[in-house]
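No lab work stands behind these numbers, since they all come straight from the coordinates. Just so it is clear, the structure is predicted and the values come from calculations on it, not from any experiment. Don't worry about glycine lacking a Cβ; one is built from the backbone with ideal geometry, like all the others, and counts go over all protein chains shown.
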Amino acid sequence: MADLQREEGSTLLQAERQGEAYFAESTNPESVKGRFYIESYGCQMNFSDSEIVASILHEANYQSTRKEEEADLILLNTCSIREKAEETIRRRLRQFQTLKAQKPHLQVGILGCMAERLKTRLLEEERLVDLVAGPDAYRDLPRLLGLVDEGEKGINVFLSREETYADISPLRLDANGVTAFISIMRGCDNMCSFCVVPFTRGRERSRDPYTILAEAADLYQRGFREVTLLGQNVDSYAWVHPENTETVHFAGLLERVALIAPDLRVRFSTSHPKDITDEVLHTMAAHPNICRYIHLPVQSGNSEVLERMNRTYDSDWYKERVEAIRRILPECAISSDIITGFCGETEEAHHDTLEMMQFARYSMSYMFAYSERPGTLAARKYKDDVPEETKKRRLNEVIRLQNQLSYAHNQADIGKVFEVLVEGDSKRDSNSFKGRNTQNKMIVFPKLDGFRPGDYVSVRVESATSATLKGVII
Ligand code: 5AD
Ligand code: SF4
């Protein structure tokens, strides 16, 4: 089902991504301690973290490889958001056990949310891995690897209140050279009742804005033309200078990044409906290089369900925020995350979600059936009482409606001319480029001599499906 969302047009900022491998050249091949292969799952934060991990390992003289069979060390950066995500990882770990039988020196490590959630379990009880490192323990990886080499247990799942990896320059693995992600904060304090993230990623903390600006400026210097500022809840970004009273909030950070260069596009994700302020919307309006696109997960359109989800807003509040976006940024596209079949969701509540989707006219959504996660507020407080078939049927209805909305949204673009940042070759046709417009819609168009990735081109849209626009350079 989720495959419906995985066409060329989707950006998968938040939805589960499945095991993508990374590669980067090593700088000092002589002193190489071993080769690592890293595969990432889950949200964009995880992909961004893998670039931090790669940087730390490179500093410690490990070389990256794209081929798992060449590796001395295999790392999986994992996601716990739904049960299915964890099942996929377990299957992958069992495949590595087979590989290990042929290659006894091979080490397998687990990073990220599943490492944090299961702690010693995969190492001690299930014996599927040699190393476990939670999201705040990546600086400790070289020491942990040393322990594993000596036959000891390499595990660190301490969560930190301070770690932001601010000083680590991520190794841009397999980068397209045009778009990059910058992590601006870590953790989450929201406690949505369905969500495992506060338990796996710990308390919210904001990264020093000066290191964020330096990273963005450096990317721009190196030819990148788009940065996406990442956090579980970017609107609650708040940094206080340790030595004076200087305070930077999200709107201020956004503005400073936008001022680096007028041709550096700025995006951000994810926004929380309770926190997104008019100040942020006005900052966007004042800077055309801040993209006209907001990912604003609603989760449910029914106020009682939202209350049980502990989202701290109701459907009227959400609608008012959508209206504010329309008022201040009339051209802005809005996308969402939606969960079907949460505890106690009635048929009427489900219809409220469909109605909300119509109201917000989402350009795109990531849609999921509720999956109870052990230890969360919902697991402790509410019964997972919507039958699996009902969850799935409602999910199908939500997906069907979203496809119609995306199709209508995209059809309305036919004939319009957009400024598109060229990202590279289209996946399906090497004679065409792909790139996105400010509303984050993917547009595919035939190549023209003289244009290359990183250029801005004007493209007129000629046709559209629910996932992709097709056009020509004018
Ligand atoms: N079950 C289903 N979907 C979930 N999400 C988070 N937790 C769960 C869960 N337990 C979805 C939410 C969130 C997105 C990243 O994943 O929609 O916004
Ligand atoms: Fe990202 Fe959440 Fe999955 Fe962790 S559990 S990888 S924070 S989506």
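Kirkwood hydrodynamic radius computed over the range 417-473 comes to 10.8 Å, based on all pairs of distinct alpha carbons. May I ask you to derive the FRET efficiency for E59 and E347 from their Cβ-Cβ distance with R0 = 56 Å, giving the value to the nearest 0.05? Calculated transfer efficiency: 0.50.
Scaling the Cα radius of gyration of the range 17-156 by the globular reference 2.2 N^0.38 Å produces a ratio of 0.95. The residue list V417, Y362, A464 was ranked by how far each Cα lies along the charge dipole of the chain toward its positive end, using unit charges on Cβ atoms, and A464 comes out on top.
Take the Cβ-Cβ distance between I474 and D316 as r, set R0 to 35 Å, and report the resulting FRET efficiency rounded to the nearest 0.05. About 0.25, to the nearest 0.05. Toward the positive end of the charge dipole of the chain, with +1 on the Cβ of Lys and Arg and -1 on the Cβ of Asp and Glu, the farthest Cα among L395, T164, H105 is that of L395.
With +1 on the Cβ of every Lys and Arg and -1 on the Cβ of every Asp and Glu, and nothing else charged, how large is the dipole of the range 17-156 about its Cα centre, in debye rounded to the nearest 20?
Numbers: 20 positive and 24 negative charges, 94 e Å.
That gives the range 17-156 a dipole magnitude of about 440 debye.
Rounded to whole numbers, the Karplus 3J(HN,Hα) couplings from phi for the range 345-359 are 5, 8, 4, 5, 5, 4, 5, 4, 5, 4, 5, 5, 4, 5, 5 Hz, using 6.51 cos²θ - 1.76 cosθ + 1.60 with θ = phi - 60°, and x at Gly and Pro. Counting only Cβ charges, +1 for Lys and Arg and -1 for Asp and Glu, the dipole size of the range 313-378 around its Cα centre is about 340 debye. Counting only Cα atoms, the range 171-254 measures 41, 35, 20 Å along its principal axes, largest extent leading.
Considering Cα pairs under 8 angstrom that are at least six residues apart, work out the relative contact order of the range 17-156 and quote it in whole percent. Walk me through the numbers before you get to the answer.
Details: 239 pairs, mean separation 28.9, N = 140.
21 percent.
Amide H to amide H, with H built 1.01 Å from N, N233 comes under 5 Å of T270, counting only residues 5 or more places away or on other chains.
Within the shell defined by Cβ-Cβ distances under 13 Å, the residues around L354 carry a net charge of -2, with Lys and Arg each +1 and Asp and Glu each -1. The length gained by stretching the chain between T247 and E323 to full extension, at 0.36 nm per residue less their Cα-Cα distance, is 24.5 nm. Amide H to amide H distances under 5 Å link S336 with L296, M364, S365, Y366, where only residues 5 or more positions off or on other chains count and H is placed in the peptide plane. The helix-only estimate of mean residue ellipticity at 222 nm for the chain, built from DSSP H runs of length n ≥ 4 each weighted as -39500 (n - 2.57), is -10000 deg cm²/dmol after division by the residue total.
Within the range 322-430, the proportion of Cα pairs with more than 26 Å between them is 36 percent.
Distant-in-sequence amide contacts of S64, defined by a placed amide H-H separation under 5 Å and a gap of 5 or more residues or a different chain, comprise A24, S26, F36.
Suppose every K and R has +1 on its Cβ and every D and E has -1 on its Cβ; what is the size of the dipole of the chain about the Cα centre, in Debye to the nearest 20?
With only Lys, Arg, Asp and Glu charged at Cβ, the dipole is about 760 debye.
Bridge orientation summary for the chain: considering DSSP beta bridges with both residues in this region, about 40 percent are antiparallel.
The lysines within cross-link reach of K434, meaning a Cα-to-Cα straight distance under 21 Å and a gap of 8 or more places when in the same chain, are K416, K447, K470.
Extending 7 Å from Cα along the Cβ direction at R460 and again at E304 yields two label points whose distance is 5.3 nm. Say the dipole of the range 207-313 comes from +1 at the beta carbon of Lys and Arg and -1 at that of Asp and Glu; which of H287, G231, Q299 then lies farthest toward its positive end? Farthest towards the positive pole: Q299. For every other residue with a beta carbon closer than 15 angstrom to the beta carbon of I294, add +1 if it is Lys or Arg and -1 if Asp or Glu, then tell me the sum. Within the 15 Å Cβ shell, the charges total +3. When the P(r) of the range 90-189 is calculated, the portion above 20 Å amounts to 48% of the C-alpha pairs. Bridgeable lysines around K381 (alpha carbons under 19 Å apart, same-chain partners fewer than 8 residues away excluded) are absent.
Hydrodynamic analysis of the range 241-366 uses the Kirkwood radius over alpha carbon pairs. Inserted into Stokes-Einstein at 10 °C and 1.306 mPa s, it gives a translational diffusion coefficient of 101 µm²/s. Dividing the radius of gyration of the alpha carbons in the chain by their Kirkwood radius gives 0.96 for Rg/Rh.
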